[in-house]
Each structure stands twice: as C-alpha cells, then as structure tokens.
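Below is one structure; the comments refer to it alone.
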Amino acid sequence: MSSAATIEKTGQIRRSESDMTDIVAVDIGGTHARFALASVAPDGTITLGEPATLHTKDHGSFQLAWQAFRDMNGGTLPPAVAMSVAGPVGGEVIKFTNNPWIIRPALIEEKLGATRHTIVNDFAAVAHAVARAPEDEFLDLAGPPGAPLPASGTISVIGPGTGLGVAHLWRDGRTISEGGSYHVQATEGGHIDFAPLDLIEDAILARLRKRHTRVSVERVVSGPAIADIYATLAAMEQKAIVEKSDIEIWTAGTSGEDPLASAAVDRFCLSLGAAAGDYALAHGAAGVVIAGGLGYRIRETILKSGFSERFCAKGRFAGMMATLPVKLITHPQPGLFGAAAAFAREHLQ
C-alpha cells in the first residue's frame, strides 16, 4: 500500500453476487483523490468498500493514482468507473483549479481499461447521494422536527467547503425500488452576489470589497471565509488582528477557547442560514440539505446558532420557510456514494 494513502472504513463490499455490478468510484478534489470499490444492485442499492485517500501531490497524474489504487487491490479493477470531479464537466479536457491533473474522457478506456464510465461535477455527485441516501443518514437542522425530506418536488443541496457548492434535485414521488426517478442539476449558485442583512455583514462586505470588485456568497459562506469574518469582528472590537489560518480559527471557535473565533463561527452559521433560505426560495424547494465535511464538523454549533431563524427570515414568506425540512447529510463519503449513484442512473436504470 502506498504511504500516501489512508483507509477509511465504511462497510464491506459484496463481490460475489451475480446480479451486482462492480465499479470503481472516484472523488477527485484539489488536495485529495478518494477511490473505492463499489457494488450496485439492480434496485439501485449501493455498497461501498473501504475508501483509499491519496494525496494528489504524490502522484503525477490521475492515471498514476489509478495505478496506485489498482496495486492496492491486487493489480486488477472492475472495467467501470464513476468519477466525481471538482470542476466543470462535459468538455474534451477536464482541468482542476488546484490540481495539475487533467482527464480526457475519450481516453478513459485506453488509459484505465474501463469500458463504461460516468463523470459528474462534485456537487452533482452530492445531490445524487442525497437522492439515494436512507432517511437515517440525515440530521435535522431546522423545520418541523422529524419531518422527512419530501418524496416529490425539489430539494436544494448546499455545501460550504473550500468554496460553496450548490445543486438541486427533483424527485417524482416514488422510491428507486418502486421505479421512481429523479433529476440532478448542478449549478454555480455559490457565485451569486452576497447580500448583507445587518451592520456586521455590511462591515464584512466592506472588508471584502477592498480585494474583490464583486463579492459573491462564497466569499462569506465557505471554509476560508472565516478568516475575513474573524478579522472584521476584531476590527469592530478594536482588537489587534492576530494572524491565524482558517483551520486555526475553526478549531478555536468550535472548541470555545477563543471567544472572538466563537463569535466568527456563530456569524458564519447566520450567513449560511440566510444563504440556504435564499437558495430554497430561488429553487422553489420543498426541502434543503446541507452537505460537506465542514457542515458535519460544526453541526452542533449550527443547531445552537441562529441558523434556523436566518433561514426562515424571509419577510412575507417566513411562515412558508418554517415548514421546510432542513437536513444535514451524515454519509461519510457522499462524493463516492454519489458518483456510484450517478453511474447507476446512467448505465443501469
């Protein structure tokens, strides 16, 4: 096994059932590429094996990373691949913003030996995961307690991370096993304009405008944004700004060891709630799901913050917003699970 790999256990894969289709699921970002063997049943049930997380900097290309994962699995892999990639898909060449790798879909069979493939945007993959994940993999954040996500209509999917991912999906009211269908739409919703709602957010916007001609929601509702929120609050309190990385601020804020960092995290939760409500209105959503590792890490803070109040604070539509279930998906590998789900949707159903 490569020293660049770490293993995360999510369950045992079933490899011997004749009615199962075995595939390789891949989730590629700027820093990590996650691989897992997966099995897909005719009814759409997906079983992931143990994911391997490789650092992209340790491999000169995606093909070399693929070969490393193949070596971990005895030198052979199934002839089918499902990929979730952090970037636009659909062109002749897929490029990554923070990763020198490129992928040419036309060469996948030649380079990887995969006769079938599916490639989706990373947040489209998360939306596929939302469409197929069982109800016990969702945690209530707002809305009627215990209310399930609707079986029909639109669900907004929002994920703060390095950026802000936004997608939505539509379901026809039936489960996959009942022959039901759904449609996923990836968007660039994280890049709509940021709209401040109070004096503190006015100050955050003013700070960001010194560096950016146009300030998008992603500049405020994403992991790295916590540094600007923290610095804005420090200036308002007339405190010296102590240079900290965004990871240090998140750690100090969620642990409570730094009151200013805690205030910044609370402010982030308010902005996330407001943005989630805006997307729900724009999508005509019947439910909302927050996704991504950051949301999961701060789930307890979200529940104690003003997230729910900001989500509902939409003037004449406040009453309607309060009826929408807002959930957090807790699946440990939504990118891999969603890539496999997208493969099943394209090739098996």
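What to note about this one:
- Residue in the stretch 155-176 that is farthest from the chain's Cα centre (by Cα), counting only those that are assigned to a loop (DSSP other than H, G, I, E, B) and not small (Gly, Ala, Ser): ARG174
- Some residue of the stretch 27-40 being under 20 Å from HIS117 (Cα atoms) and more than 23 Å from the chain's Cα centre (by Cα): no
- Taking each residue of the stretch 102-113 that is surrounded by fewer than 11 Cβ atoms within 10 Å (Cβ to Cβ) and looking for partners that are among the charged types (D, E, K, R) with beta-carbon atoms closer than 8 Å, six or more apart or interchain, yields ALA106/GLU92.
- Where a residue in the stretch 32-45 is over 16 Å from VAL81 (Cα atoms) and its partner, wherever it lies, is surrounded by fewer than 18 Cβ atoms within 10 Å (Cβ to Cβ), with Cβ under 6 Å and at least six apart: HIS32/THR53; PRO42/ASP19; ASP43/SER177
- Applying the criterion of being in contact with a strand residue (DSSP E or B) (Cβ under 6 Å, 6 or more places away or on another chain) and charged (D, E, K, R) to the residues of the stretch 116-132, the residue that is farthest from GLY287 (Cα to Cα) is ARG116.
Each row is one residue, and each column tells you yes or no for (1) without any contact (Cβ under 8 Å) to a residue 40 or more places away in the chain; (2) in contact with an Asp or Glu (Cβ under 8 Å, 6 or more places away or on another chain); (3) in the same structural domain as TYR230 (by TED's automatic domain parsing); (4) on the phi < 0 side of the Ramachandran plot.
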residue: ARG171; (1), (2), (3), (4): no, no, no, yes
residue: ARG174; (1), (2), (3), (4): yes, no, no, yes
residue: GLY180; (1), (2), (3), (4): yes, yes, no, yes
residue: VAL184; (1), (2), (3), (4): no, no, no, yes
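- Checking every residue in the stretch 86-97 against the condition of being at pLDDT 95 or above and closer than 29 Å to GLY179 by Cα gives zero matches.
- Conditions (1) in contact with a Ser or Thr (Cβ under 8 Å, 6 or more places away or on another chain); (2) part of a loop (DSSP other than H, G, I, E, B): number failed by VAL89: (1)
- The requirement of being modelled with pLDDT under 95 and at negative phi is satisfied by ASP136.
- Hits in the stretch 200-232 (condition: free of Cβ contacts under 8 Å to residues at least 60 places away in the same chain, out of contact with any Asp or Glu (no Cβ under 8 Å at 6 or more places or on another chain) and closer than 17 Å to LEU260 by Cβ): ALA203, ASP228, ILE229, TYR230, ALA231, THR232
- Residues in the stretch 177-202 that are out of contact with any strand residue (DSSP E or B) (no Cβ under 8 Å at 6 or more places or on another chain) and either in a strand (DSSP E or B) or crowded, with 16+ Cβ neighbours inside 10 Å (or both): PRO196, ILE200, GLU201.
- Residue in the stretch 206-216 that is under 20 Å from ILE302 (Cβ atoms), surrounded by 12 or more Cβ atoms within 10 Å (Cβ to Cβ) and hydrophobic (A, V, I, L, M, F, W, C) present: no
- Cβ pairs under 8 Å, 6+ apart, first in the stretch 50-61 and on the phi < 0 side of the Ramachandran plot, second among the basic types (Lys, Arg) and surrounded by 15 or more Cβ atoms within 10 Å (Cβ to Cβ): PRO51/ARG34; ALA52/ARG34; THR53/ARG34; LEU54/ARG34
The values are calculated or read from the model by the stated rules, or taken from the named source; none is laboratory data. A quick note: this is a predicted structure, and the numbers were derived from the prediction, not measured. Cβ atoms come from the backbone with ideal geometry, glycine included; neighbour counts cover every protein chain shown.
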